[in-house]
Amino acid sequence: MTMLPEIDPETDDWSKRDPAIAFHLIDRYADNWSHAGVLMERWARQWVKANPEKENDRS
């Protein structure tokens, strides 16, 4: 099993995180459900901005 990287969720460059890795990192670092929502939103916005061709990709 691959080990997840250690990150600072408040300053990480989420645009470089694969969706599956982002999910696990958010699960690890979120303090509560509200914080998980903030981190998910941060990841989603940065991911779409950095990967516009994947915005509508549902695969």
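Numbers below:
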{"read-out": "Listed residues Asp13, Asp31 arranged by accessible area, highest first, probe 1.4 Å", "value": "Asp31, Asp13"}
{"read-out": "Nitroxide proxy distance, nm - points 7 Å out along Cα→Cβ at Glu6 and Lys54", "value": "2.6 nm"}
{"read-out": "Relative contact order %, the chain, counting alpha carbon pairs below 8 Å whose residues are six or more apart", "value": "39 percent"}
{"read-out": "Computed Kirkwood radius, in angstrom, where 1/r is averaged over Cα pairs of the chain", "value": "11.9 Å"}
{"read-out": "Residue-span extension gain [Phe23 to Arg45] - 0.36 nm each, minus C-alpha spacing", "value": "6.5 nm"}
{"read-out": "Value at 222 nm in deg cm²/dmol, rounded to 500, when DSSP H runs of n ≥ 4 in the chain each add -39,500 (n - 2.57)", "value": "-16000 deg cm²/dmol"}
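The values are calculated or read from the model by the stated rules, or taken from the named source; none is laboratory data. Just so you know, these numbers come straight off a predicted model, no measurement behind them. Backbone-built Cβ (ideal geometry, glycine too); neighbour counts: all protein chains shown. To get the accessible areas, we keep the full protein, side chains included, count just its heavy atoms, and leave off ligands, DNA and RNA. Shrake-Rupley method; radii C 1.70, N 1.55, O 1.52, S 1.80 Å.
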